[in-house]
């Protein structure tokens, strides 16, 4: 079990402040949805937490260690990262892609590749090349390649945003159902955020503006402020529906 | 497995054809007699001249295949080529200096050394420029490479015009710039073989990380690759390979571009099989091209680089067209 914490993160690029002293402590287990309007800094936060982008100031701690002090191999097998958009440059096969994901860990559990291949229903697709796969199949391949090492921390930048609803639900379920693990997912669909995740963090202009259990945070009016709309909150049998109100407040 | 067998058989066949081809055509029987230790004139011609030349062509082709594969892998661009990136241009400039400037050491020693130095310096320059410009990514390096290659080409032409007072030396440089494998002695061929094996080993060490880099820079970092450091190292390794190819074969165009493509069709895009396959394809291509260069217009010899350019140019256009359509 490994949590991840951002301490006073500052990211400036080309004169713009993308993260503005953001602090956030996540985990060590559970599912966290990160929501916020476009340009809030969600993707930047995930990249800094993964170690892909370096912050101008501030630190990231993974478990009881500084992210910068981890070796590349330790970092890659501790933190799984799912990008918003993924397109390999070479037309690799499904099995080759999963294998590349597995090879980043030097302590891979026996049978992990077979288990991941089976879990994401890729067994029959092993020899198929990336260019021949559908969007849903591609999402499953990426999930298998990232999750094959069973990383204690998963940071996902809504990898399913462009999929149809059934495949999107499949992906969200795979991301959130990880017992004794931490899953942090940038979610664009607020209903999914409040239905599938235990905790929701609202980010705007590079800062955390609201943070709490999904059940209680749903009532928080700061969500309306951040998205600049008024939401109607409708309870459904299995979650919440947030509908942007069509009448002026 | 069958693909590898076919590649090796094709290489052996092209070597036999290469040994047979020339101003004076030999039969396979001549070749067998020569290999069995016969000492008549034809056999000695084969053993002392034809065979070393053919094998040198094969090794130069293998090096070009390896170099092209590394550069395409690093820049994740199937159109990347050593000649686009300054390293071949740097090697050519170093070799031109060796050919035109009278130096104390023997030319056979100075030329490879200066070619290495030129390729290395040009590559460092490309890396340096892209660093200073703040564009260490693949596209930035490629553009810096194009600019450096253009400057180096101009410098080489200037040297050729300024330093050659007799037409003979200009012709030597020109024929070398146009590409051509010199006939080596057996010890030099042994050196070339050792360099080629070392280059294969060096590039195979990069194979796994080239695969990871092929996932894109973001995913590569997430999968634990130190992307900037690896790119700089791989470019350097690639330029060592290219310098070796240029030192022994001059400027042979398009083989470094085409071999990885053909190899990818045969064994797929993973670099561990791709590198040796691309070396084999390059060896076959250059061996056959060299045979054509020696035998198409007897008694004259066409520069090897012209043969590969005539065949490779349309290949490049085909790739470009396919890429633009896709």
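Nothing in this text is a laboratory measurement; each read-out follows from the coordinates by a stated rule. These numbers were taken from a predicted model, which means no experiment stands behind them. Note that each Cβ is placed from the backbone with ideal geometry, even for glycine, and that neighbours are counted across all protein chains shown.
Summary table below
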| quantity | calculated |
| --- | --- |
| Tensor-based shape of the stretch A:191-241 (alpha-carbon gyration tensor, a/c under 1.5 rounded, otherwise prolate or oblate) | oblate |
| The stretch B:194-326 shape via C-alpha gyration tensor axes, a/c threshold 1.5 | prolate |
| MRE, 222 nm, helices only [DSSP H, n ≥ 4, -39500 (n - 2.57), over the protein assembly as shown, to nearest 500] | -18500 deg cm²/dmol |
| The stretch A:78-145-the stretch B:1-26 distance, computed between alpha-carbon centres (Å) | 40 Å |
| Viscosity 1.306 mPa s, 10 °C: Kirkwood-radius Stokes-Einstein D of the stretch A:39-150 over Cα pairs, µm²/s | 104 µm²/s |
| Footprinting exposure proxy for B:141, A:1, B:160 (fewest neighbouring C-beta atoms within 10 Å first) | A:1, B:160, B:141 |
| Sequence-separation-based contact order of chain B, relative, with Cα cut under 8 Å and 6+ spacing, percent | 32 percent |
| Overall form of the stretch A:4-244 per C-alpha gyration tensor (a/c, 1.5; a/b vs b/c) | oblate |
| Most mobile of B:37, B:128, B:86 in a GNM of chain B (Cα contacts under 10 Å) | B:37 |
| Exercise: per-residue mean of other protein chain Cβ atoms within 10 Å, B:263-271 | 3 |
| Beta bridges by DSSP in the protein assembly as shown, antiparallel share as percent, to the nearest 5 | 60 percent |
| Alpha-carbon gyration tensor eigenvalues x 5, square-rooted, for the stretch B:212-269, Å | 26, 17, 7 |
| Degrees between helix A:135-147 axis and first principal axis of chain A (Cα, 0 to 90, nearest 10) | 80 degrees |
| Cα pair distances exceeding 23 angstrom across chain B, given as percent | 57 percent |
| Residues B:176, B:120 arranged by fewest to most Cβ contacts within 10 Å | B:120, B:176 |
| For chain A, built as a Gaussian network whose Cα springs stay under 10 Å, the top-fluctuating residue of A:88, A:237, A:152 | A:237 |
| For the stretch A:96-195, the spread of Cα positions along each principal axis, largest first, Å | 37, 33, 17 |
| Space enclosed by the convex hull of the alpha-carbon atoms of the stretch B:32-181, per residue, Å³ | 138 Å³ |
| Average Cα contact separation per residue, chain A, under 8 Å, 6 or more apart, as relative contact order % | 26 percent |
| Most mobile of B:53, B:272, B:44 in a GNM of chain B (Cα contacts under 10 Å) | B:44 |
| Percent of Cα pairs exceeding the 32 Å cut-off, where the set is the protein assembly as shown | 55 percent |
| Dimensionless Rg/Rh of the stretch B:131-268 - Kirkwood Rh, Rg from C-alpha atoms | 1.03 |
| Peptide B:209-221 - average C-beta neighbours from other chains (10 Å radius) | 6 |
| Per residue convex hull volume, Cα atoms of the stretch B:83-152, in Å³ | 71 Å³ |
| Per-residue Cβ neighbour rank within 10 angstrom, fewest leading, B:211, A:180 | A:180, B:211 |
